[in-house]
Structure formats: structure tokens, C-alpha cells
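Asker: Supplied in C-alpha cells, the structure appears directly below.
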Amino acid sequence: MRREVAAISFYRSGMSLSQITMENPAESGPEPWPAMLHKLLRDAGITNVAYVPDAGHARLIELVRDDPGMQANVLTTEEEGVAIAAGAWLGGMRSILLMQSSGVGNCINMLSLPVIGRFPLLMLVTMRGEWAEFNPWQVPMGAATEASLQAIGVRTFRADTSDALLETVAAATIEAFDGDQQIAILMGQRMLGIKKW
Amino acid sequence: MVAELDRRAAVAALLRQPGDLLVVSGLGSPSYDVHAQGDRDENYYLWGAMGSAALVGLGLAQARPDRTILVVTGDGEQLMGLGGLATIAIARPANLNIVVIDNGHFGETGMQTSHTGLGLQLERVAEACGFAECGRAARPEDVEKIRAGLRRKVGGPRLHVIQVKAENLPRSLPPRDAVHVKNRMRQHLGLQVG
């Protein structure tokens, strides 16, 4: 098999690298990081989570929805969550926002609110259009995501491994909610694995 | 044909004896109307982020289920956040009231006719989304009914449209410093500031 073909077949298998390097992949459970991330968010006092679904956030959304200590708001479009987070903070509640990179484009003008009002904002953005992407329509917004956020005044951090993600979220909750910062964490598509199709 | 309501008088009637109401106002005339009734720590005035008012209200309602929240916004502002009505209906906060001051026009930008001026009825949109109570007010006594019912729990959010004359009244400008207005509301609620 030519090397390119082998790579394509690996990507299409939907497995992450950690799964294929495990000695006994059949016994491995789901990725542990969503549960760790959920616990980390709880421990940081976040009790409100707004989201537009993405496959990369699917497990975390389930955990949030099953958690009686968290309110989950499903949105019709991502910028709604920016407004909800500001309102929640006015009332003393910590709210975060989950979306994929295509949703960042929808948020731009709404981000005026946390930027001008110095409302804490923490967005967890799963990247599309940057790694083994099968859908070319995801590429333009994926390529524009980081620059768009920075242009409107939101700071960005990248996380390309699950360890980096947990570390970065832990640091960002402090910056956002104790330091009134507006932060987006861009979760690399390479880490999230290949979308099964 | 009923005489059309004056928007400032309608908002004055709505905010008579506001007590501990937490008020969020949408950009443009609704912010001026709310400010004209007296500046309060319990008010959060928006000057931008069009389409956000009702959703800021949702976040506040979820954070403070013990308080009654009133969003006062305009038809144009709410039209930009139509999807938000679906989100609010599903979230179902029982302490959230949305009042749309509907003049059928985009008043800030040259009085172009809006969708509501061309026939769209926002209370019917809200009803279709699943709001617990929806209505349209065109007379002073209808506005008084909305005011009297603000704290009544009906098991979910309410949206009322108050139909008003299209006119640009003298502006009553609320503070534009969004941090200051945020901090004083949080301080009022006993939260840490700064």
C-alpha cells in the first residue's frame, strides 16, 4: 500500500492516534478528557453552558445536560450564547459557550458586548477545516477563526492535545472569571480525531 | 381605530413602581425610554450588540430566579434576535418578561418600515416558539395589565408587544460606559465588583 493511501485509510477509520497505539484497543473506553473537562468546569464554578452542538463537544454536552448542577442552553446560533453569558454574569453566574469554528463568524458583532463591558467570556471552539477535513466549506471560516477573534478583541489560546486543553481551560477560567477577560480556546481538529462519514 | 400610544408614556406606565425589577433595555429608543423614567442601578442599558437584549435577559433570569426580569426592547432589535425567542422558550425561565415597543419602523436609522410594520406579529412568533404568555397592547389599560402581571408566575416566559406611534422623541441618554453600568448592577445584587 502506498503511504498516502495508508494515511487516508487511517484518517477515515475515525480513530485517534492514542487509540491505535493502545495495546488492546478493544478494551479502551471513550476518551477520558470530556469527563475531566466537565469536572474542571464544575470545580471552576461554571453552572451555565450554552452550546451549538459539534461532534467534538458531543460527550461534554451530554455530561452537562445530565448534571443537575448545570443549566444547559441549546442555541439556534452561537452569538446568543455571548449575550446569555453577559446576562448571567450580571446576576453572578458563570456561563461558558461551546461551538465549532464556523460559529465564530456568527458571533463577531455580539462580541462587542463582552469586549466593551469587560464581561468574562470563555468560548471553547472546536476547529474545523484545518486537519483531514472532508468538507471544503469548513475551510474558509476555519482559516479565519483566530484572526477574527483577535480582530474583535478576544484573546485566543490553542490546545492541540487533551493535556494542553485541560491545562489551558484551567488557566482560562481564572483569567476570564477572576480577571474579566474575553477568551476563546481553539481545540485543534487533529486532537479531536477525524469525523466519521 | 384606537389612538396610538406614545412610547415614552407607555414605558412610563410599564415602569411605574418598578420595585426590585431588573431591567435590560435594547439599543436605541427603548434604552432612552427606560432611562427617561429614572436611572436605576437595577437597569442595564444596551447601546449595541443588536439582537442581544432578550438573551441578556435570559442569562440574568437564569442567574437570579428569585428576581423578576423585564426586557424592554424595540421591534427591530427583537427581529434581529428571532432565533433567541426559540432559545428562551426552550429554556423556559418563569421570571422573564420581554416587552417589545413596536413602532413598526427602524427609528434610529431613518424610520424605514420594519417587518412588523409590514405585518409580522412578534407575539405570534413567540407563541409559536412556546412562550407561556403572549399578547399585544394598544391601549393604556392593556399596558397596565402587563405591568400588573409582571411578577405573576405562568410557568414560562412572557412576551408582550406594545404598539406605539412611530416618532423620534427627545433622547434621554443613559450612561454609555458598559463597565460602569455592569458594576453598579452587580454591586446592587451584592456581587463582587472589580
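Asker: Considering the stretch A:102-114 alone, what residues qualify as being within 9 Å of chain B (Cβ to nearest Cβ) and farther than 13 Å from A:ALA88 by Cβ?
Answerer: If the condition is that a residue be within 9 Å of chain B (Cβ to nearest Cβ) and farther than 13 Å from A:ALA88 by Cβ, then A:ASN109, A:MET110, A:LEU111, A:SER112 are the ones that fit.
Asker: Kindly indicate the residue of the stretch B:165-183 that is surrounded by fewer than 18 Cβ atoms within 10 Å (Cβ to Cβ) and among the basic types (Lys, Arg) and also farthest from the other protein chains (Cβ to nearest Cβ) among those meeting that condition. Before you say what the answer is, go through the steps one by one.
Answerer: Start the filter on the stretch B:165-183 by keeping residues that are surrounded by fewer than 18 Cβ atoms within 10 Å (Cβ to Cβ), which leaves B:165-173, B:175-177, B:179-180.
From the residues that got through so far, the ones that are among the basic types (Lys, Arg) too are B:165, B:171, B:176.
Details: B:LYS165: 29, B:ARG171: 20, B:ARG176: 9 Å.
Ranking the qualifying residues of the stretch B:165-183, first place goes to B:LYS165.
Asker: Still on this structure: Among the helices (runs of 4 or more DSSP H) lying completely within the stretch A:111-197, list those that include at least 2 residues that are in contact (Cβ under 8 Å) with a residue 60 or more places away in the chain.
Answerer: Working: elements: A:112-117, A:139-152, A:162-179, A:189-192.
Counting at least 2 such residues, we get A:112-117, A:162-179, A:189-192.
Asker: Condition first: without any contact (Cβ under 8 Å) to a residue 40 or more places away in the chain and either charged (D, E, K, R) or touching a Gly at 6+ places or on another chain (Cβ under 6 Å) (or both). Can you find one or more residues in the stretch B:153-176 that meet it?
Answerer: Pass one, the stretch B:153-176, residues without any contact (Cβ under 8 Å) to a residue 40 or more places away in the chain: B:170.
Then drop every residue that is not either charged (D, E, K, R) or touching a Gly at 6+ places or on another chain (Cβ under 6 Å) (or both), which leaves none.
Looking through the stretch B:153-176, none of the residues is without any contact (Cβ under 8 Å) to a residue 40 or more places away in the chain and either charged (D, E, K, R) or touching a Gly at 6+ places or on another chain (Cβ under 6 Å) (or both).
Asker: Further question: Given the criteria within 14 Å of another protein chain (Cβ to nearest Cβ) and more than 21 Å from B:VAL71 (Cα to Cα), does A:ASN135 qualify? Even if it seems obvious, please write down each step before you answer.
Answerer: Details: within 14 Å of another protein chain (Cβ to nearest Cβ): no; more than 21 Å from B:VAL71 (Cα to Cα): yes.
So A:ASN135 does not fit the description; no.
Asker: Considering each residue of the stretch A:184-197, count those that are modelled with pLDDT of 95 or more and surrounded by fewer than 23 Cβ atoms within 10 Å (Cβ to Cβ), and give that number.
Answerer: Looking only at that region, the number is 2.
Asker: Just the residues that are over 24 Å from B:LEU46 (Cα atoms) and of a type in the set (Asp, Glu), please, taken from the stretch B:131-177.
Answerer: The answer is B:GLU133, B:GLU141, B:ASP142, B:GLU144.
Asker: Here are the criteria: (1) surrounded by 15 or more Cβ atoms within 10 Å (Cβ to Cβ); (2) under 24 Å from B:ALA12 (Cα atoms); (3) out of contact with any Asp or Glu (no Cβ under 8 Å at 6 or more places or on another chain); (4) among the small types (Gly, Ala, Ser). Tell me which single one B:ALA132 does not satisfy.
Answerer: (2)
Asker: Out of the residues in the stretch B:38-51 that are more than 11 Å from the chain's Cα centre (by Cα) and surrounded by fewer than 24 Cβ atoms within 10 Å (Cβ to Cβ), state the one that is farthest from the other protein chains (Cβ to nearest Cβ).
Answerer: B:GLY38
Asker: Of the residues in the stretch B:52-92, how many are out of contact with any Asp or Glu (no Cβ under 9 Å at 6 or more places or on another chain) and within 7 Å of another protein chain (Cβ to nearest Cβ)?
Answerer: 10
Asker: Could we say that A:GLY87 is within 14 Å of chain B (Cβ to nearest Cβ), more than 20 Å from A:ILE174 (Cβ to Cβ) and not in a loop (DSSP other than H, G, I, E, B) here?
Answerer: Details: within 14 Å of chain B (Cβ to nearest Cβ): yes; more than 20 Å from A:ILE174 (Cβ to Cβ): yes; not in a loop (DSSP other than H, G, I, E, B): yes.
Against the criterion (within 14 Å of chain B (Cβ to nearest Cβ), more than 20 Å from A:ILE174 (Cβ to Cβ) and not in a loop (DSSP other than H, G, I, E, B)), A:GLY87 qualifies.
Asker: Can I ask one more? Given the residues B:HIS160, B:HIS105, B:HIS115, which is the only one that is within 14 Å of the chain's Cα centre (by Cα) and of a type outside the set (S, T, N, Q)?
Answerer: B:HIS160
Asker: Still on this structure: Considering only residues that are farther than 22 Å from A:ALA50 by Cβ and of a type in the set (A, V, I, L, M, F, W, C), look in the stretch B:23-37 and name the one that is farthest from the other protein chains (Cβ to nearest Cβ).
Answerer: B:ALA36
Asker: Name the residue that is farthest from the other protein chains (Cβ to nearest Cβ), counting only residues in the stretch B:152-164 that are surrounded by 14 or more Cβ atoms within 10 Å (Cβ to Cβ) and not in a strand (DSSP E or B).
Answerer: Of the stretch B:152-164, the ones surrounded by 14 or more Cβ atoms within 10 Å (Cβ to Cβ) are B:156-164.
Then keep just the ones that are not in a strand (DSSP E or B); that gives B:156-157.
Values: B:GLY156: 15, B:PRO157: 13 Å.
Filtering the stretch B:152-164 for residues that are surrounded by 14 or more Cβ atoms within 10 Å (Cβ to Cβ) and not in a strand (DSSP E or B), the one farthest from the other protein chains (Cβ to nearest Cβ) comes out as B:GLY156.
Asker: Within the stretch A:44-64, can one find any residue that is facing chain B (nearest Cβ under 8 Å), within 21 Å of B:ALA86 (Cα to Cα), touching a residue at least 40 places away in the same chain (Cβ under 8 Å) and crowded, with 19+ Cβ neighbours inside 10 Å? Let's see the steps before the verdict.
Answerer: Step one: of the stretch A:44-64, the residues facing chain B (nearest Cβ under 8 Å) are A:48.
Narrowing further to those that are within 21 Å of B:ALA86 (Cα to Cα): A:48.
Remaining after also requiring touching a residue at least 40 places away in the same chain (Cβ under 8 Å): A:48.
Those left that are additionally crowded, with 19+ Cβ neighbours inside 10 Å: A:48.
Yes.
The values are calculated or read from the model by the stated rules, or taken from the named source; none is laboratory data. Note that the structure is predicted; figures quoted are calculated from it, not measured. Methodologically, a virtual Cβ is constructed for each residue, glycine included, from the backbone with ideal geometry; neighbour enumeration extends over all protein chains shown.
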